[in-house]
Amino acid sequence: MKRPITTLTALLLAAAPLAAVSLTSTSAAAATPTHVVEHMRLITGKMDHKPGWPKITNASWTVQKGQTVTVQIVSFDDGTAPLMGKYMPYANVKGTLNGKELVNGKPVANVSDINIAHTFTVPGLGFNMPIPVAPTGGHIVVTASFVAKKTGTFVWHCYAPCGSGTNGMAGAMSTMSWMTGEVHVK
Ligand SMILES: [Cu+2]
């Protein structure tokens, strides 16, 4: 049973991501910051009024070549979607600055398969963040960083079978701006 998000909760959630990551300060004179943070929210189908359709917002964003990019995903999804078959290696964090991600501030290199709700995977950048299950009625914050070394448009996918259909790969999983989107590096 999901509780509605109160204004107070929303305010706390807005503040939480800032506390969870330390920013590299950039000179006011610099035209392009050396470090950017992309904030994403992962909401359940119930929350977006489309049951069975979990969604990540903002699903697509743009960074500059050479920037260190911190991806921070606040997930409210308390449902598991264990990885299957060839996707099982996506339980391992890959392509981050130190080979790890932070889950509520704690560094981890992998998430046990039974605890996976989603993944944020950018194959073209070799970047993978497994997203663990959030506590019911709560949320988790998952953070990882990479350096944008090459320009291009890189599609990301979730590889956990969190969608509809017999294999969980239809519906949200195959729809742009739900469980897939684009990372643009200019
Ligand atoms: Cu997913």
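Table for the structure above
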| item | result |
| --- | --- |
| Residue check for Val122: within 15 Å of the ligand (Cβ to nearest atom), buried (at least 22 other Cβ atoms within 10 Å of the Cβ) and of a type in the set (Val, Ile, Thr) | no |
| Test for Ala117: is it closer than 25 Å to Ser174 by Cβ, touching an Asp or Glu at 6+ places or on another chain (Cβ under 7 Å) and either away from the ligand (no atom under 14 Å from the Cβ) or among the acidic types (Asp, Glu) (or both) | no |
| Some residue of segment 163-183 being of a type in the set (D, E, K, R) and either assigned to a loop (DSSP other than H, G, I, E, B) or free of Cβ contacts under 8 Å to residues at least 24 places away in the same chain (or both) | no |
| Subset of segment 25-46 [modelled with pLDDT of 95 or more and among the charged types (D, E, K, R)] | Glu38, Arg41 |
| Condition check for Phe146: in contact with a Phe, Trp or Tyr (Cβ under 6 Å, 6 or more places away or on another chain), of a type in the set (Phe, Trp, Tyr) and more than 12 Å from the ligand (Cβ to nearest atom) | yes |
| Tally of residues being surrounded by 14 or more Cβ atoms within 10 Å (Cβ to Cβ), small (Gly, Ala, Ser) and either under 14 Å from the mean Cα position of the chain (by Cα) or over 22 Å from Val36 (Cα atoms) (or both) across segment 142-169 | 6 |
| Residue that is in a strand (DSSP E or B), of a type in the set (Gly, Ala, Ser) and modelled with pLDDT of 95 or more, where the choices are Ala117, Ala134 | Ala117 |
| Count of residues meeting criterion [within 13 Å of the ligand (Cβ to nearest atom) and surrounded by 19 or more Cβ atoms within 10 Å (Cβ to Cβ)] in segment 44-86 | 12 |
| Condition check for Trp178: at pLDDT 95 or above, closer than 24 Å to Gln64 by Cα and not charged (D, E, K, R) | no |
| Residues within segment 111-142 that are β-branched (Val, Ile, Thr), touching a residue at least 40 places away in the same chain (Cβ under 8 Å) and farther than 13 Å from Leu42 by Cβ, tallied | 2 |
| Number of the exception - Val108 against (1) surrounded by 14 or more Cβ atoms within 10 Å (Cβ to Cβ); (2) touching a residue at least 40 places away in the same chain (Cβ under 8 Å); (3) of a type outside the set (S, T, N, Q) | (2) |
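The values are calculated or read from the model by the stated rules, or taken from the named source; none is laboratory data. As the structure is a computational prediction, the values presented were derived from the model and not from experiment. Reconstructed Cβ throughout: ideal geometry from the backbone, glycine too, with neighbour counts over all protein chains shown.
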